[in-house]
Amino acid sequence: MTPTDLPIYELESALLASLEEQGRVVVSAPTGSGKSTQIPRMLLRHGLLNTGEVIVLQPRRLAARMLAQRVAQEEGSALGEIVGYQIRLESRVSARTKIRYVTEGILLRKMSFDPTLKGVSVLVFDEFHERHLHGDITLARAKQIQATIRPDLKIVVMSATLSADTLVKYLEPCSHIESVGRSYPVDISYLTRSPNFDREGVWDVATQGAVDLATKTDGDLLVFMPGAYEIGRTVSALESHRALKGFEVFPLHGELAPERQDAAVRPGTGRKIIVSTNVAETSLTIAGVTGVIDAGLARMARFDSRRGINTLLIDKISRASADQRAGRAGRTQAGQCLRLWSERDHADRPAYEKPEVHRVDLAESVLTLKASGIDRIDTFPWFEAPEPAARERAEQLLADLGATESHGDRSITEMGKRMLKFPAHPRYARMLLEADQRGCAKVVALMAALTQGRNFLLRDVSGAIDRARDERWGNEESSDFFRLMRAWEYAHENRYSVEACRALGVHAQGARQVGPLFAQLLKITEKEGLSLAEAVPDSEICKCILAGFSDQLARRLDRGTMRCELVHNRRGVLARESSVQEAGLLVAAEISEIEGRGGELNVLLSMATAVEESWLAELFPDDLRETNTVIYDEDTRRVIVRRERRFRDLVLESKATAGVPPEDAAARLLAIRVQSGEIKLKTWTEAVDRWITRVNCLARFFPELEVSPLTPEDRLMLVEQICLGSFGARELKDKPVMPVLKDWLRAEQLAVIDDYLPERVELPNGRRARITYGEQGSPILSARVQDVIGLTNAFTLGIGRLAVRWELLAPNQRPVQLTDDLDGFWSGAYRDVRAQLAGRYPKHNWPPVASD
Ligand code: ADP
Ligand code: MG
């Protein structure tokens, strides 16, 4: 059976020709054209697979399975024979499989375990426009592999949007084939006002919308909801609405049993409503839909900085996504789309989704790349490179977890390779491996499950609830995880009853979601043969938490406050509600930044677990160091040796010793304090500063003497020399300064300084005048007007080479004039100065003005 009337068949010959010529091709065609189902079949039919297979990378598990099933049926073979699929924890393939649909890390892992991609003839990247991280990374790897060891490998990149210029350029030489497809107009309407879904169930608003559309169009309806929970609620609301009695309602999402998923897609007898996640946006096409009701929401993977892992959060979809969804109504005839938000709100939505590479934590992908020998992530040929900070965060975390070496190129370790066996965030992979050693993988799998979804143990509860919790769950002082476990067990035992949960501040729905995840993680741990013993001491469990969060180890700074110092030079405050109040050392599984009242950023540590120092030595022996550090002790004002014990860069303990510090290190530390003025040298007088200025003037005015000017760094060096041999501020006080400073000049330079740059000169009338030197400008000669009578611009200093600037003083030593031109003074300003001064000091001798 071949649906050769699908639009994609118009591109068949161009596709085959491009693959023969360049081995790379980008195919753009709208959803429903037949890309995902037909292109792999064309490759098979025309012999492009030779003896190998085609791997089709899909972003969604549900789509991978359904596509495989559909294509198997079209090929007339059982699923898992010629056509199969492989997704995390589930696969239907055989030795005869020629078309294999895969998801997520499966292809990337394959590339790292066998970079030659033996047995793979063609790689197809489907839904590339969605820009999932795995698509980006595997395409880059495929390009590398094709350019080096596998020139015969063929690459097909498929996209449901037509703009592919950057992609084609990235893959050059590469051809681009496109089809505009066939579609009918869709009439889009909005609500007059965007509802608040916190107050009004999105399922109720959608049901009202379905009632509306049911009369406006005569085909099937497709409702987009963000996740399984909302889909469940919507299905119930639709089924119980009287106006929709004639419809059969189907949910469609990844957590349903395959039969129920199939039922949603299968053509029915009457009219139907399908309530789906965004899998029906571009991945799957459901025939017969003419009306779309769009809640405008989707669960999107995003890095949650608080928990330090990726999570799925519900967010508003972009305008581009909304248009794709609307398009689902116009496949076979003109259709209707109702958006459950206002037109105004629509304009405020982003045009496109941010690619995952800018949104999610890269740790797991980086580790997989390292497993394939790619150590330098910064020079990796990304389609779009991640932000350097995000890349560095991932690399640092992997090093901290022991998954990579902490030095050099940070290549993968044995531990890192083992961690990759777990399709979980590296933090939890590391915790599970640690748990295996300690026989507590089951508990750790539960812990992992408890922290992935939304927080179900409410914070800021009333005093009554707080007391009820203490009563029922006791006061766990070693880890906040234990309370979370007790809370989940409680909810589980009470069958997630809303009343029972409310009494202890537990969010029943959130707790319920832990179950399936726990089961899934248990399945992996069992598959990997981890040890699952039930009864282990709490301390063993806490060690596993430490293993996964060692990069968030914190030390309490004091007993009185909650302030802590963390690894990597961070500081934070332990949350008051944490039950770990006594421990000096702890790890925080959650770190959040909260803006304080004054706008300052406070780092709040929560989900704490008490840690004993001996565990650090047990788990991370290479990260503990004891060093002697020479420091200046502010209290005793002496340089001392402290013995410090550190975990990575975090100081665990610091103790003063009786050891004598090295002289030069002590001198340097003291010099810094002298420079800053913290330590005063009695002998460092103003005269010393003046001498330094004169040295610099000597260098400036008499270059032939080859004096080096004293820079601030030279100064520090000289101070260091003065401090040499001292260990405390007190010893320094009376240390002579000038001998060291004088050493700066060579003997012949020292011999002339007083001659060339005197500090005082004798004037013709026998009085002495002061000379001031500065870092700039001429020396300044300060003298009373009467004392310089008879002098002219012919007066110089410095063996006749330096003109001076005159600071002329009144008899009371107050300056009355500052000038470079003494001749000009006599013939000009002197007239007024004389008149003024003669009036005030009549007894002094004021020679007449030249022209009088
Ligand atoms: P594209 O990848 O271009 O969006 P597909 O190859 O997924 O297109 O689908 C092509 C056509 O095949 C669709 O229009 C749809 O009618 C049909 N189809 C695909 N999968 C199924 C299925 N599981 N059940 C019924 N019809 C299907
Ligand atoms: Mg497709």
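Structural remarks
- Mean separation of Cα contacts under 8 Å, 6 or more apart, over the residue count of the chain: relative contact order %: 7 percent
- Ranking of HIS176, HIS253 by count of other Cβ atoms within 10 Å, fewest first: HIS176, HIS253
- Between the amide H of LEU457 and those of HIS507, distances stay under 5 Å, these residues lying 5 or more places away or on another chain, with hydrogens modeled in the peptide plane.
- The fraction of all Cα pairs in the stretch 606-715 landing in successive 10 Å bins from 0 to the largest distance is 11, 26, 22, 18, 13, 8, 3, 0, given as whole percents.
- Signed unit charges on C-beta, dipole axis of the chain, positive-most listed residue VAL289, ALA403, GLY105: VAL289
- Cut-off under 5 Å, modelled amide H: who pairs with LEU297 long-range: ILE317
- Ordering PRO381, ALA371, PHE422 by Cα displacement along the dipole of the stretch 337-430 toward the positive end leaves PHE422 in first place; charges were set at the Cβ atoms of Lys, Arg (+1) and Asp, Glu (-1).
- Per-residue [θ]222 nm for the chain (sum of -39500 (n - 2.57) over DSSP H runs n ≥ 4, rounded to 500): -11000 deg cm²/dmol
- Think of each Lys and Arg Cβ as +1 and each Asp and Glu Cβ as -1; about the Cα centre, that makes the dipole of the stretch 365-438 roughly 320 debye.
- In this structure the amide hydrogen of GLY34, modeled in the peptide plane, comes within under 5 Å of no amide hydrogen from residues 5 or more places off or on another chain.
- Cβ-based exposure ranking for VAL249, VAL688, VAL223, in which fewest neighbours within 10 Å come first: VAL688, VAL249, VAL223
- Annotation: lysines with alpha-carbon distance below 24 angstrom to LYS272 (same-chain offsets under eight excluded): LYS216, LYS245.
- Nearest 10 degrees, 0 to 90: helix 426-438 Cα axis against the chain principal axis: 80 degrees
- Ranked list, fewest to most other Cβ atoms within 10 Å of each Cβ, for PHE422, PHE128, PHE701: PHE701, PHE422, PHE128
- Rounded to the nearest 20 debye, the dipole magnitude of the stretch 649-688 is 180 debye, with +1 charges on Lys and Arg beta carbons, -1 on Asp and Glu beta carbons, and the Cα centre as origin.
- Coupling constants for the stretch 561-566 follow from the phi torsions by the Karplus curve (6.51 cos²θ - 1.76 cosθ + 1.60, θ = phi - 60°), and in residue order they are 10, 9, 6, 9, 10, 10 Hz; glycine and proline get x.
- Three-way shape call for the stretch 478-596 based on the alpha-carbon gyration tensor, with the a/c threshold at 1.5: oblate
- The Rg/Rh ratio of the stretch 529-580, with both radii computed over alpha carbons and Rh defined as the Kirkwood radius, is 1.10.
- Proximal lysines to LYS98, defined as alpha-carbon separation beneath 20 angstrom and excluding residues fewer than eight positions away on the same chain: LYS35, LYS110, LYS118, LYS154
- Between the stretch 88-160 and the stretch 682-734, the alpha-carbon centres lie 69 Å apart.
- Set of lysines with alpha-carbon distance to LYS742 below 24 Å, sequence-local pairs under 8 removed: LYS680, LYS682, LYS733
- Taking trypsin sites (Lys or Arg not before Pro) across the stretch 348-394, the ones in a DSSP loop with at most 16 further Cβ atoms lying within 10 angstrom of their Cβ are ARG376.
- Debye intensity ratio in log₁₀ form over the Cα atoms of the chain, taken at each q of 0.06, 0.08, 0.11 Å⁻¹: -0.61, -0.84, -1.30
- Percent antiparallel among DSSP beta bridges (both partners in the chain, rounded to 5): 50 percent
- Debye-sum result for the stretch 689-755 in log10 I(q)/I(0), which assumes one identical scatterer on each alpha carbon, at q = 0.19, 0.26 Å⁻¹: -0.76, -1.18
- Placing +1 on each Lys and Arg Cβ and -1 on each Asp and Glu Cβ, with no other charges, gives the stretch 93-167 a dipole about its Cα centre of roughly 440 debye.
- Along the stretch 135-150 the Karplus relation, 6.51 cos²θ - 1.76 cosθ + 1.60 evaluated at θ = phi - 60°, assigns HN-Hα couplings of x, 4, 6, 5, 5, 4, 5, 4, 4, 4, 5, 5, 6, 10, 8, 10 Hz to successive residues, with x for each Gly and Pro.
- Rounded to whole Hz, the Karplus (6.51, -1.76, 1.60) HN-Hα couplings of the stretch 470-478, x for glycine and proline: 4, 4, 7, 9, x, 9, 6, 9, 8
Coordinate-derived values only; no laboratory data. All values derive from a computational prediction rather than experimental measurement. Don't worry about glycine lacking a Cβ; one is built from the backbone with ideal geometry, like all the others, and counts go over all protein chains shown.
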